[in-house]
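Only one structure is covered here, and it is reproduced in the block below.
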Amino acid sequence: MECGNYSRFSSRRELLARSGYGLGAAALHTLLGGSKALAATPPFPNFPPRAKRVIFLFQAGGPSHLDLLDYKPEMKGRFDQDIPPSVFGTQRITGMVAQQDRFPVAPTMYGFAQAGKSGTWLSELLPHTARIADEICLLRAMHTEAINHDPAITFLQTGSQLPGRPSIGSWIDYGLGTANENLPAFVVLNSVPSNGMADQGLLSRLWGAGFLPSRYQGVQFRSAGDRVLHLSNPPGVTREQRRTLLDGLAALNGELHHHVGDPEIETRIAQYEMAFRMQVSVPELADTSKEPEHVHSLYGEDSNKPGTFAANCLLARRLAERNVRFIQLYHRGWDHHGGLTEKLPVLARDTDQASAGLILDLKQRGMLDDTLVIWGGEFGRTPYAQGPLKRDNYGRDHHGRVFSLWMAGGGVKRGFVHGSSDDFGFNVAGGGVDIHDLQATILHLLGIDHQKLTFQFQGRQFRLTDVSGQVVKEIIA
């Protein structure tokens, strides 16, 4: 009888045959020098890391680089002119604009100014980000192959536009393991925009382990009730009773593993034990009421409202203090096909002060140097308008040909701008960084050679960066 890929019962013939294989493996094991030679994965980190942990502030929906991070004064004199064919080239378009007769230039209605000693140009919508201009490394020539949300987010999070691959947080957990036995190595926080318009949904597979053992999947923290589903004991069940139950369950699972050999059974035992420890660690972690008022002031008044971006940024710092390896913070609502000038300021207010506050908080605690913070979405927005165009009211479609994101801490250069787009913010002009390059660089800053972090599945060695990816050495301090 077969149970998955593991034989539950064997005939005497099969037992003798497999015993022979085992003797051969044991001999090879001895010749190769013991257990270290047969380790499932190479040792990580491969070299001294610059960062110990990552906080990814993911702005789902595609923030407009042209209205926030990439100043294009040349567009002002081209209002309502068609994007030149030489610029448009063979760009793929989405179904949302396929019926448009033309693609008129839509200059930003927002002012830009230089910030900090670095003189980085930033939008007036980001006054708090301007305060940390000398701490951030701005990548203005990101590009992606995807033009729709789900494949684009999946690509950035897993290295493939097709679902089923492990997320970047799972890869990092798999490679480096946990640094706190009382909390997961990979935690996910979802934020709701203050206007209540969440736009695109987020699927749990974005923080899934894919074909890696399930112990490496991200654990989602909720904003209300139990931070983790089913974490609390039912009424009338004491902690001592829970301990007794888990001991018995571990014994039963151990017996099953002895007969079946499925490694997922070991994962199940480990996850039960993690949940037991989290019953104590998570409530203490999530209680921000004892944070000093000056800390809440850094993040903004919303830091006292569970589920907001500001509250989750503060929680992310508390997770980082406890050495959680990868903290994924999602904020939705950035999909502005129309009414951008009404919606974008709301999203900017939601995230601007809290993002800057996180950087300043980490810095004052001496944690920024070894914490890599990333702010950005799956792509940018088009320099042409979607739908009706007015100087003070326009929408923008998805745009993956070039977009912007910023990084801070964790070994990247401070007050630095890498790459550029053309005069329309349409194409990469220099210093292009694709999704696999970004992923390779994140792993590099954690001390991991992206080509060596692999897992065998279906007869092939898979990795986060698939078959490409170059470390962007120019941004490393």
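A full extension of the chain between Asp134 and Asp287 corresponds to an added length of 51.9 nm, given 0.36 nm per residue minus the alpha carbon distance.
Computing FRET efficiency as 1/(1 + (r/R0)^6) for Ser297 and Met197, where r is the C-beta to C-beta distance and R0 is 25 Å, gives about 0.40. Rounded to the nearest 0.05, what FRET efficiency do Val346 and Asn323 give with R0 = 30 Å and r taken as the Cβ-Cβ distance? Could you check? Efficiency, from the Cβ-Cβ distance: 0.30. Using θ = phi - 60° in the Karplus curve 6.51 cos²θ - 1.76 cosθ + 1.60, the 3J(HN,Hα) couplings for the range 287-292 round to 7, 9, 5, 8, 5, x Hz; x is entered for Gly and Pro. In plain terms, the residue of Asp449, Asp287 with the fewest other Cβ atoms within 10 Å comes first and the most crowded comes last, giving Asp287, Asp449.
Based on the Cβ-Cβ distance of Ser86 and Asn148, what FRET efficiency does E = 1/(1 + (r/R0)^6) give at R0 = 25 Å, to the nearest 0.05? Don't jump to the answer; show the numbers that get you there.
Working: r = 26 Å, r/R0 = 1.03.
Efficiency computed from Cβ-Cβ geometry: 0.45.
Seen against the Cα atoms of the chain and their longest principal axis, helix 340-364 is set at about 60 degrees. Once the Cα atoms are used to define both axes, helix 12-31 deviates from the longest principal axis of the chain by about 70 degrees.
Amide H to amide H distances under 5 Å link Asp82 with Val105, where only residues 5 or more positions off or on other chains count and H is placed in the peptide plane.
The aspartates and glutamates whose alpha-carbon is closer than 14 Å to the alpha-carbon of Lys117, local same-chain residues fewer than 8 away aside, are Asp134, Glu135.
A cut-off of 5 Å between modelled amide H atoms, ignoring neighbours fewer than 5 places along the same chain, links Asp397 with Thr382, Gln386.
Pull out the extension gain between Ala270 and Leu256, defined as 0.36 nm times the separation in residues minus the alpha carbon to alpha carbon distance; nm, one decimal. Walk me through the numbers before you get to the answer.
Numbers: separation 14, 0.36 × 14 = 5.04 nm, distance 1.46 nm.
Full extension of this stretch gives 3.6 nm more.
Taking 20 Å as the cut-off, the amide N atoms of the range 397-427 that come nearer than this to a point 7 Å along the Cα-to-beta-carbon line of Lys117 belong to 407-418.
Between 0 and 90 degrees, the angle of helix 149-158 with respect to the longest Cα principal axis of the chain falls at about 50 degrees. Maximal additional length on extending the Asp392-Gln458 stretch stands at 18.4 nm, based on 0.36 nm per residue less the C-alpha distance. Of Lys343/Lys413; Lys290/Lys343; Lys305/Lys363; Lys305/Lys343; Lys76/Lys343; Lys413/Lys452, which sit over 28 Å apart, Cα to Cα? Cα-Cα > 28 Å for Lys343/Lys413; Lys290/Lys343; rest within. Under Stokes-Einstein, with the Kirkwood radius over Cα pairs standing in for Rh, what whole-number D in µm²/s applies to the range 322-404 at 4 °C and 1.567 mPa s? Approximately 86 µm²/s, per Stokes-Einstein. Its relative contact order, with pairs defined as Cα atoms under 8 Å and 6+ residues apart, puts the chain at 29 percent.
Cβ crowding within 10 Å ranks Leu249, Leu162 as Leu162, Leu249, fewest other Cβ atoms first. The HN-Hα couplings worked out from phi for the range 89-104 by the Karplus form 6.51 cos²θ - 1.76 cosθ + 1.60 (θ = phi - 60°) are x, 9, 4, 6, 10, 7, x, 5, 10, 4, 9, 6, 6, 8, 10, x Hz, whole numbers, x standing for Gly and Pro.
Do any trypsin sites (Lys or Arg not before Pro) in the range 63-114 lie in a loop, going by DSSP, with at most 16 other beta-carbon atoms within 10 Å of their beta carbon, and if so which? Kindly include the intermediate steps, with their values, before the conclusion.
Numbers: sites: Lys76, Arg78, Arg92, Arg102; in loops: Arg92, Arg102.
In loop regions of the range 63-114 (DSSP not H, G, I, E or B), the sparsely surrounded trypsin sites (Lys or Arg not before Pro) are Arg92, Arg102.
Shown in residue order for the range 265-280 are the 3J(HN,Hα) couplings computed by the Karplus curve 6.51 cos²θ - 1.76 cosθ + 1.60 at θ = phi - 60°: 5, 4, 4, 4, 4, 5, 6, 4, 5, 4, 4, 4, 6, 5, 4, 9 Hz (x for Gly and Pro).
What value, in deg cm²/dmol to 500, does the helix sum -39500 (n - 2.57) over DSSP H runs of n ≥ 4 give at 222 nm once divided by the residues of the chain? Please list the in-between numbers first.
Numbers: 12 runs with 154 residues, N = 477.
Result for the chain: -10000 deg cm²/dmol, rounded to the nearest 500.
Note on the range 140-180 and the range 237-315: Cα centroid distance 24 Å, given to the nearest whole angstrom.
Counting Lys and Arg as +1 and Asp and Glu as -1 over every other residue whose Cβ lies under 15 Å from the Cβ of Ser194, the net charge comes to -2.
Of the labelled figures (i) 87, 59, 39; (ii) 114, 50, 41; (iii) 83, 50, 42, only one reflects Cα extents along the principal axes in Å as derived from the coordinates, namely (iii).
Read-outs: derived from the displayed coordinates by stated rules, not from any lab. All values derive from a computational prediction rather than experimental measurement. All Cβ positions, even for glycine, are placed from backbone atoms using ideal geometry, and neighbour counts span all protein chains on display.
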